[in-house]
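The values are calculated or read from the model by the stated rules, or taken from the named source; none is laboratory data. It should be emphasised that the depicted structure is a prediction, and the values quoted were computed from it without experimental measurement. Heads up, the Cβs are rebuilt from the backbone with ideal geometry, glycines too, and the neighbour counts pull from every protein chain shown. Accessible surface is based on the protein model in full, side chains and every heavy atom, while ligands, DNA and RNA are left aside. Shrake-Rupley method; radii C 1.70, N 1.55, O 1.52, S 1.80 Å.
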Amino acid sequence: RVQLRESGGGSVQAGGSLRLSCEIFESIYDTYCMAWFRQAPGKKREGVAAIESDGRTTYVETVKGRFTIYQNGAENTLYLQMSSLQPEDTAMYYCAAEHWGCSAISDIQRLGRITSGDYGYWGQGTQVTVSS
């Protein structure tokens with residue numbers, strides 16, 4: 001089965017940068033649409049950034065201009081480059097992937113939204129803590 005593993009989380013001060021990575025193991029498909037989600041204590045999970053199989057990206061308004069989602073040449077690793085981090089960015093960050101449901105996901109992204117319901121594969125999460 002498809003497995004995702006996140007890494008790169010840690011504790012940084014406000015204004016700092018961090019790069020998260022997500023590797024796909026035991027892949028059974030050649031293409032995926034992928035995304036990063038985050039969840040802070042007491043809050044619901046929210047979509048942060050998403051990338052479609054054709055490379056188009058979508059970001060939640062609060063991270064535009066600060067976060068960048070991209071894949072390496074082999075497309076077996078997903079990254080989230082985060083800069084100008086703020087305390088409100090503190091959360092558990094999760095990597096998610098999907099194959100068959102990517103068309104529906106793309107339709108949602110046309111509206112500027114990133115929703116978790118259609119992603120079938122998830123990592124266990126990596127903690128990001130930003131202090132003042």
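Using the Cα centre as the reference, give the magnitude of the dipole from point charges on the C-beta atoms of the chain (Lys, Arg: +1; Asp, Glu: -1; all else neutral), rounded to the nearest 20 debye.
It works out to roughly 400 debye.
Relative contact order (percent) for the chain, with alpha-carbon contacts under 8 angstrom and 6 or more residues of separation?
Normalised by residue count, the contact order of the chain is 35 percent.
Averaged per residue, what accessible surface does the chain expose to a 1.4 Å probe, in Å²?
Here the per-residue accessible area is 52 Å².
Evaluate the Debye formula for the stretch 1-67 with equal point scatterers sitting on the alpha carbons, no solvent, and hand back log10 of I(q)/I(0) at q = 0.12, 0.18, 0.27 Å⁻¹, in q order, two decimals.
Once normalised to I(0) and log-transformed, intensities are -0.40, -0.89, -1.40.
Need the full-extension length gain, residue 30 to residue 45, defined as separation in residues times 0.36 nm minus the C-alpha distance. One decimal, nm.
Answer, rounded to one decimal: 2.6 nm.
If you consider only alpha-carbon coordinates, what radius of gyration and Dmax does the stretch 15-132 have, in Å?
13.5, 43
Between residue 77 and residue 11, how many nm apart are label points set 7 Å from Cα along the C-beta direction?
2.6
Between exposed trypsin sites (Lys or Arg not before Pro) in the chain, where DSSP calls loop and at most 16 other Cβ atoms lie within 10 Å, what's the longest gap?
Here the longest segment lacking exposed loop sites spans 67-109.
With runs of 4+ DSSP H residues as the only contributors, calculate the mean residue ellipticity of the chain at 222 nm using -39,500 (n - 2.57) per run, divided by the residue total and rounded to the nearest 500.
It lands at -1500 deg cm²/dmol.
Which value in nm describes the separation of the simple spin-label points at residue 108 and residue 84, placed 7 Å from the Cα toward the beta carbon?
2.7
Report the net charge of residues surrounding residue 85, where surrounding means a beta-carbon distance below 15 angstrom and charges are Lys +1, Arg +1, Asp -1, Glu -1.
It works out to a net charge of +2.
For the stretch 75-132, which semi-axes, largest first and in whole Å, follow from the square roots of 5 times the eigenvalues of its Cα gyration tensor?
That gives 25, 14, 11 Å for the three semi-axes.
Taking every pair of distinct Cα atoms and averaging 1/r, then inverting, what Kirkwood hydrodynamic radius in Å comes out for the stretch 40-96?
Here the Kirkwood hydrodynamic radius works out to 12.5 Å.
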